[in-house]
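Visitor: The structure is given below, and queries will be raised subsequently.
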Amino acid sequence: MPVGTRGAVKGLHPCEVKNTGAQIILGNTYHLHLQPGEDTIKNLGGLHDFTRWDGPILTDSGGFQVFSLAHIRKITEEGVTFKDPRNGDLISLTPEKAMRIQLDLGGDIIMAFDDVVSLDEAGKKRTEEAVQRTHRWLERCVTEFKRLTKDMQDSERPLLFGIAQGGLNRELRAKSIEFVQSCDVDGVAIGGLSVGETREEMHDMLEYLAPLYDPDKAHYLMGVGDPIDFRFAIEHGIDMVDCVMATRNARHGTAWIHKPCTCTNKTGKAGLSGASRAISDSSSLRGSRTVREVPLARTSQKNFATSTECKTCGGGDKKINLNNQQFTEDATVIDPECDCTTCKVPHHTCLNGAELRSATPVASSTSSLVRSSTTSQMPEPPGITEQSSSGHCFRCGEALTGFSRGFLRHQFKVNESLAGSLVSIHNIRYLNRIAEQYYALR
RNA sequence: GUGCCUGUAGCUUAGUAGGUUAAAGCGUCGGGUUGUGGCUCCGAAGAUCGAGGGUUCAAGUCCCUUCAGGCACC
């Protein structure tokens, strides 16, 4: 889920977001409440009409801002007060208010209001307290949610997700997952990770939690991650993630690329972790049990499992910093394997026409969970051509040549925001391609 | 021709009455970024202080000469 905190995925037209294969985006209660306010958004038709994004929208509750804006907030049992950074005004968020705001905003999935703790000493000390409070707040959220939606038809009622906490404490985590799954919620989110712990600590926790998930509910890992963490999460029963890295890194010049693993070890055990390897040979898992039911086994070589990097050939998920001098005269695209509209764009007359409609199959693992409440019409985006993978336009046969690294570096160097937008498209598409590859393995 | 002003990092400048290893912003180069406050954060490289000589324990700073640019006057 690309992140559009303030109602827009930064730098991108909704068509561009859609064309990455993204099925759902995020908005944020805290930011939209401060500006322009849920009343304004409601008066302008709700988030979908307001933002012109006709796909599902998930709104975060503002719980994370309790954590990230720690220097300007105060927590009590009732809720949290923040100082408005613009004018110093005190604003408050409570479980009930978070429900009201999110329902006014009009997203399709709304999140319970939770208490996120840091991993420093102060945070560790209050981990248990935060878990208990998160649970009490969740009960208040569910009550308020039911009260506010009791007159709604099933088709217009948004979904409510609860959030499990517990820091890096396994016992607390297990209790929290169990509690949230026992509540009347449509989905379960894993919160409080990706807040500064090491990759190994996060992966260990995900591995520990995977067998505890109720297969009847969706599981959403909040705030994760880069391609490596994303693969690991999928392999361990996670259905949904969101992360700002794709877009923030893109705006700062970092693009993800995939270096194919060239190892053809006769044992079939190349360096890549279980499912990552399986993608290269997707037939090996086709027809097996679903990912969520059985988290794919990690290889005995832990290092391989926690990174998709192949120790033998260096293949796997990589990143490049397009600001680097080495790309000044680089005529190649970010990633020749990629089919995004930054890496493969027709630069001829075919660009102008409906024939270029996307033919890329889009996975729909979450669509059955989500009822899009909008009827707004979005024009079909100028898409990826049918034969983009072959590198040629299916219509006229001309080569599809995306934006060169040299061009992108130049635009970054002259501070042109187009560069950040183009790389955002690439990075979001990169993650969605990973999701689509796993989806094909079900 | 005469008088005055200005020369410090690639650029714009700070360097106080001479006193530790000449400072900053921008730019350059490299890195970071995980439920987005921040086109951001961190780090590095980069200066024989226009040149030469002198005074002094000590000169970017004072003196002389010279070069370059600018201004004014003849």
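The values are calculated or read from the model by the stated rules, or taken from the named source; none is laboratory data. Values in this document were obtained by computation on a predicted structure and should not be read as measured data. Reconstructed Cβ throughout: ideal geometry from the backbone, glycine too, with neighbour counts over all protein chains shown. Just the protein is used for accessible areas: all its heavy atoms, side chains included, with ligands, DNA and RNA removed. Shrake-Rupley method; radii C 1.70, N 1.55, O 1.52, S 1.80 Å.
Visitor: Looking for something of a type in the set (Val, Ile, Thr), assigned to a helix (DSSP H, G or I) and touching a strand residue (DSSP E or B) at 6+ places or on another chain (Cβ under 8 Å) - is there at least one such residue anywhere in region A:109-126?
Guide: No: region A:109-126 contains no residue that is of a type in the set (Val, Ile, Thr), assigned to a helix (DSSP H, G or I) and touching a strand residue (DSSP E or B) at 6+ places or on another chain (Cβ under 8 Å).
Visitor: Mind counting the residues in region A:303-351 that are modelled with pLDDT of 75 or more and outside any loop (DSSP other than H, G, I, E, B)?
Guide: Counting residues in region A:303-351 that are modelled with pLDDT of 75 or more and outside any loop (DSSP other than H, G, I, E, B) gives 10.
Visitor: Another question, if that's okay. Mind listing whichever residues of region A:175-205 are over 21 Å from residue A:135 (Cβ atoms), part of a helix (DSSP H, G or I) and in contact (Cβ under 8 Å) with a residue 12 or more places away in the chain?
Guide: If the condition is that a residue be over 21 Å from residue A:135 (Cβ atoms), part of a helix (DSSP H, G or I) and in contact (Cβ under 8 Å) with a residue 12 or more places away in the chain, then A:199, A:200, A:201, A:202, A:203 are the ones that fit.
Visitor: Here is a check on your reading of the model: is residue A:192 open to solvent by less than 50 Å² (accessible area, probe 1.4 Å) and touching a strand residue (DSSP E or B) at 6+ places or on another chain (Cβ under 6 Å)?
Guide: Criteria not met by residue A:192.
Visitor: Sort out for me the helices (runs of 4 or more DSSP H) sitting completely within region A:16-90 that have 1 or more residues that are open to solvent by 60 Å² or more (accessible area, probe 1.4 Å), more than 15 Å from RNA strand B (Cβ to nearest atom) and touching a residue at least 40 places away in the same chain (Cβ under 8 Å).
Guide: Per the criteria, A:38-43, A:46-51.
Visitor: Inspect all residues belonging to region A:225-246 and state whether any of them is open to solvent by 30 Å² or more (accessible area, probe 1.4 Å), at pLDDT below 95 and not hydrophobic (A, V, I, L, M, F, W, C).
Guide: no
Visitor: Can I ask one more? As an exercise: evaluate residue A:151 against (1) within 15 Å of residue A:61 (Cα to Cα); (2) surrounded by fewer than 16 Cβ atoms within 10 Å (Cβ to Cβ) and give the number of the one condition it does not meet.
Guide: (1)
Visitor: To continue, here is another question. Between A:178, A:197, A:144, A:171, which is surrounded by 15 or more Cβ atoms within 10 Å (Cβ to Cβ) and farther than 21 Å from residue A:105 by Cα?
Guide: Going through A:178, A:197, A:144, A:171 in turn, just one is surrounded by 15 or more Cβ atoms within 10 Å (Cβ to Cβ) and farther than 21 Å from residue A:105 by Cα: A:197.
Visitor: Enumerate the pairs (first residue in region A:430-442 and within 16 Å of residue A:20 (Cα to Cα); second residue anywhere and hydroxyl-bearing (Ser, Thr, Tyr)) with beta-carbon separation below 6 Å, excluding pairs fewer than 6 apart on the same chain, so at least 6 apart or on different chains.
Guide: As it stands, the answer is A:432/A:20; A:439/A:365, since those pairs meet every condition given.
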